[in-house]
Amino acid sequence: ETDLSDDYSRWRYARDLRASEGALYFAYDHDDRFYKLARIRLDGASAGTAVFSARDFSGGIQAPVEAAGSLYYRGAFSTWDSLMRFPEAPASLEGIHAVVRLAPWPAASAPAPAVAVPRTEKRYSALPYLNPFSLWIPVPLLRTDGTSISLDGGGILSYLSDPTDMNTVVLSAGGDRAGNLGYFEIEWRNLGLGVPLTLYASDAIAFEEGDRESRAYRATRFFSSLSFERGVRGEGTRAFIAPTAQAAFNAPDPQDGSGAYGWAYNEPSYAVGLDIGISNISRKLWRVFAEGSSLALSARLTLPAAEGRLDAVARFSAQRPFGARVTAYATWDEGGVGLDGESLLFGSSSWASESAAEYAREAPSALKWVAGGEIDLLAVSIETQTNLSHLYFNRLFATVGWRGAVFDPEAGASPGTSWPDDVSLVQSLTAKAGAVLSGIPAAMVPVRFSPYAWAALKLSNLSDDDDGNDLAVGFALSVEW
């Protein structure tokens with residue numbers, strides 16, 4: 001003990017006691033901030049004196065030791081641990097100095113003997129643990145039109161999980177002034193069957209882009225899948241097969257100024273399908289790009305129209321020797337798909353974030369087929385390790401790249417170059433800037449948020465007479481777990 005006024009709290013949360021170079025080193029946290037460094041000398045002229053450093057360091061002080069005239073410790077950051085060196089030498093360690101006395105353990109304050117307490121058992125339920133405010137971030141609802149940006153509402157994005165990791169939920173909810181609708185999107189993954197069962201539901205305002213128009217509609221969608229995965233010669237590469245079922249209820253805007261809750265639904269559409277794929281992609285949560293490659297194929301059949309859809313998406317990503325990410329995709333859809341990957345029945349395609357979305361309004365709205373790709377190169381990656389409230393900024397990043405698409409113009413007015421005569425080609429140079437975020441504490445929650453802004457220089461429009469149609473901007477949020 002010492003004569004310090006807060007002596008009790010300094011010892012109460014002492015951690016990681018280590019003995020080195022004639023001293024006891026440990027970490028303490030008396031003010032509910034970061035764990036800090038403390039030392040008690042055991043020999044020499046200063047034997048029996050303690051120094052409590054008052055300096056806070058990101059990651060805290062864990063397992064401190066003295067070696068070769070320096071102090072070293074483990075820093076526990078949001079997504080990894082690092083070996084760190086303390087900036088002060090052991091001989092000149094600054095802080096609050098105090099004389100330490102050894103005192104007998106007071107019998108009066110000793111723990112009371114354990115008493116048997118009757119307990120009741122009940123069936124486990126995950127619901128009490130699924131609190132949407134345990135890990136959440138605020139999300140503005142931004143929409144873009146060319147280079148103009150509008151704030152149409154906002155809400156929260158939340159990640160929920162129970163202690164057994166049998167249930168994980170990603171929830172997005174908020175308000176949208178377009179249609180005066182309270183939107184939501186929820187995806188629940190359950191492992192109770194031994195294989196991942198995914199259930200998805202959403203109700204939001206969507207826009208059908210094409211034919212030089214943007215048509216709003218209320219989209220209510222449901223989706224389910226059962227994914228069977230298996231390692232291929234180990235767990236580094238995994239193959240999967242997943243039967244799917246989905247339904248869509250669309251209510252177009254009648255253009256009479258009414259709210260979306262009053263819009264009349266069209267006839268519902270249903271579809272069944274099968275997804276197959278193989279992947280060896282892996283990524284540390286704090287990295288911008290992953291490592292590895294993947295191939296995913298999917299087939300859908302709509303009911304009762306009996307119209308088919310086929311998708312193929314290949315991805316390659318590498319962090320070394322330089323950050324690069326390549327995506328190629330192709331889709332054939334009898335019901336029609338937009339150049340931005342949006343479909344009235346299937347919603348957003350798996351390749352929507354790599355699509356040539358900046359050309360979607362100028363192209364036909366119901367393309368029978370479209371193929372394209374994107375190349376992203378990492379230009380800047382800055383580790384930040386700072387927080388804003390409960391959001392932890394792991395790093396800031398910027399990329400540059402190219403993306404393009406070819407499609408069947410169906411004899412309609414289409415942007416781009418005819419190549420060959422019955423195929424249209426559009427392409428753009430792109431730049432993206434964003435951040436990798438996690439919640440606090442994030443080390444226990446394997447979820448990654450990556451909000452970013454993008455800009456596209458529309459190379460296929462540079463030769464026309466409309467200078468205001470050469471640049472497009474947008475915003476996106478990637479969530480992975």
Report task. Kindly rank 305-318, 424-437 from highest to lowest mean number of other beta carbons found within 10 Å of each residue. Result -> 424-437, 305-318
**Report entry** Amide H within-cut-off set for A363, under 5 Å, with H built and near neighbours excluded
**Finding:** D211, R212
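What ranking, highest mean first, results for peptides 146-155, 21-30, 355-364 when packing means the other Cβ atoms within 10 Å averaged over each residue? Provide the component values of the computation, followed by the final result.
Numbers: 146-155: 13.8, 21-30: 18.8, 355-364: 25.5.
Top of the packing list down: 355-364, 21-30, 146-155.
Which order do the peptides 34-43, 242-251 come out in when sorted by mean C-beta neighbours inside 10 angstrom, highest first?
Numbers: 34-43: 19.2, 242-251: 17.5.
Top to bottom by mean Cβ count within 10 Å: 34-43, 242-251.
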Requested in this report: Take the eigenvalues of the Cα gyration tensor for the stretch 325-371, scale each by 5, and report the square roots as semi-axes in whole Å, largest first.
Outcome: 16, 12, 10
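Cα gyration tensor of the stretch 57-106, axes a ≥ b ≥ c as square roots of the eigenvalues: rounded (a/c below 1.5), prolate (a/b > b/c) or oblate?
Numbers: a/c = 2.45, a/b = 1.51, b/c = 1.63.
Oblate is the answer for the stretch 57-106, as a/c is 1.5 or above yet b/c matches or exceeds a/b.
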Report task. Largest first and in whole Å, give the semi-axes of the chain's equivalent ellipsoid, each being the square root of 5 times a Cα gyration tensor eigenvalue. Result -> 54, 27, 21
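For the stretch 101-255, what does the alpha-carbon gyration tensor say about shape, rounded, prolate or oblate, given a ≥ b ≥ c as the root eigenvalues, a/c under 1.5 as rounded, and a/b over b/c as prolate? Numbers along the way, then the final one.
Working: a/c = 2.69, a/b = 1.79, b/c = 1.51.
Here the stretch 101-255 falls in the prolate category.
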Report task. Please list, or write none, the aspartates and glutamates whose alpha carbon is within less than 19 Å of the alpha carbon of K432, excluding same-chain residues fewer than 8 places away. Result -> D145, D340, E354, E358, E374, D376, E383, D470, E480
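Using 0.36 nm times the number of residues separating V479 and D32, minus their current alpha carbon distance, what extension gain do you get?
Working: separation 447, 0.36 × 447 = 160.92 nm, distance 3.04 nm.
Gain on stretching V479 to D32: 157.9 nm.
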Requested in this report: Calculate the length of the line joining the C-alpha centroid of the stretch 42-81 to that of the stretch 311-374, in whole Å.
Outcome: 52 Å
Query raised in the report: What FRET efficiency, computed as 1/(1 + (r/R0)^6) with R0 = 22 Å and r the Cβ-Cβ distance, is obtained for T386 and F322, rounded to the nearest 0.05?
Result: 0.30
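We did not get these values from a lab; they are worked out from the coordinates using the rules stated. This is a predicted model, so every value here is computed, not measured. No Cβ is skipped: glycine too gets one built from the backbone with ideal geometry, and neighbour counts run over all protein chains shown.
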